[in-house]
1. Hey, fewest Cβ within 10 Å first, where do TYR246, TYR265 land in order?
2. Provide the FRET efficiency to the nearest 0.05 for the ASN138-ILE205 pair, computing r from the beta carbons and using R0 = 51 Å.
3. Within the set LYS76/LYS111; LYS137/LYS321; LYS143/LYS365; LYS270/LYS321; LYS196/LYS296; LYS196/LYS365, which residue pairs have Cα atoms separated by over 28 Å?
4. What span do the alpha-carbon atoms of region 8-142 cover on each of the three principal axes, reported in whole Å from largest to smallest?
5. Where does each of LEU264, LEU323, LEU14 land when they are ranked from fewest to most other beta-carbon atoms within 10 angstrom?
6. Give me the three principal axis extents of region 53-126 from the C-alpha atoms, as integers in angstrom, largest value leading.
7. What does the extension gain come out to for ASP325 and GLU240, with contour length at 0.36 nm per residue minus their alpha carbon separation?
Amino acid sequence: MVVYKKQYEEICQLFLDNEVEILSHVLANMKSASDGKLTNEVQGIIQHFFDLIIMYIQTEDTTNLESFAYEVAEFKLNREIEIDQTMDFVNDSRNIFLEWVIKTEMDHLLKIKALSLINDFYSLFTKHTCVHYTSLKNREIEKQSRFIDSMHNDRLTILGKISTSFAHEFRNPLTSIKGFVQLLEHRFSEVKETKKYFQTINHEIDSLQAHVNQFLLLSQKQNHEDFYRTHISINNLINEVLDFLYPSITDKNIQVRVDSKDELYFIGMKSQIKQVIINIINNAIDALENRENERKVRIHVTSEQENIFVSVENNGPMIPKHLVDNIFEPFITTKELGTGLGLSVCKQIIEKHNGTLSCVSEIEKTVFILMLKRQSNTP
């Protein structure tokens, strides 16, 4: 221990005796590496490095080293200077300092110890600077994320209020229009061409009402339907949906196959789950629009323990990963004219049923997987 202390004293004295030469050597080489430009700030840092190295060798205390590392990390972050640029500077000064020690005549063992001490100092400085910089950066990112989330939630809250207001404003006149159209339909139902017109009008009104309902579901956590849950066969519900979508399936030449062995039941709001399945199968049909042949939709119904799984698979184009990761967020859509509300509403409905809705997209296929809690086969 006494031997090491004596070596440390000799190294410190050597450095102090040659302080001007060492600093001149380091600054000259740093200046050369930076195209002849060296700010007063950089010169001050090099001087401080020298003073800290002397303190480190004399006391082996890293307190001052750590404090300076934290100051540098905060300064670089505030100036928006990347940490790798700082580390390049630190490593350059280390190498130049080591070069001076290597070229200086001194006892061989003393030289090895001096090189080791300088390396230890710079390694500790690098470690503390990077750790503190990373910690500060993470804190800043978390703060920004909280702010973005807060802004996003505020906007969704405002949107929810606006959506509810608009939805009710649209819903009331739509109900009146639909009622009067049905009265006129009964009066003029004998004319074949007129009947076709009424069917088109009713279809468009139903479509508008579906969009209005999406806004209401998105903006409200609960509505009157949530209190009327019934015992439902998932198999029958899928068949009803396929019957409803039959014109679209036939028109677009879609091959639909349903794989379902057991009769499975769940408790829920039939109209809401039906809307989810319609939306997902409709999306699968739309995804196949640009495919020339073999447009396939596969619906698999399985159960595992207390859960029912419904997967809707299509062989359309792959959804990009960045969209898959956010596909259930409001206003995210793969359709040119889509609103981006359908899947967000679907996820909200399924979560109200204590289930999950997920998406997996690969080159060969895209699959939406719906999970619901299974109930016994008898009400």
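1. Numbers: TYR246 11, TYR265 20.
Ranking TYR246, TYR265 by Cβ neighbours within 10 Å, fewest first, gives TYR246, TYR265.
2. Numbers: r = 53 Å, r/R0 = 1.03.
Calculated transfer efficiency: 0.45.
3. Working: LYS76/LYS111 33 Å; LYS137/LYS321 26 Å; LYS143/LYS365 38 Å; LYS270/LYS321 32 Å; LYS196/LYS296 31 Å; LYS196/LYS365 38 Å.
Pairs exceeding the cut-off: LYS76/LYS111; LYS143/LYS365; LYS270/LYS321; LYS196/LYS296; LYS196/LYS365.
4. Largest first, region 8-142 extends 52, 35, 19 Å along its Cα principal axes.
5. Fewest-to-most ranking of LEU264, LEU323, LEU14: LEU323, LEU14, LEU264.
6. 44, 24, 13
7. Values: separation 85, 0.36 × 85 = 30.60 nm, distance 3.07 nm.
Using 0.36 nm per residue and subtracting the Cα-Cα distance, I get 27.5 nm.
No lab work stands behind these numbers, since they all come straight from the coordinates. Computed from a prediction, not measured in an experiment: that's the story for all the values here. Quick reminder, even Gly has a Cβ in these numbers, built from the backbone with ideal geometry, and neighbours come from all protein chains shown.
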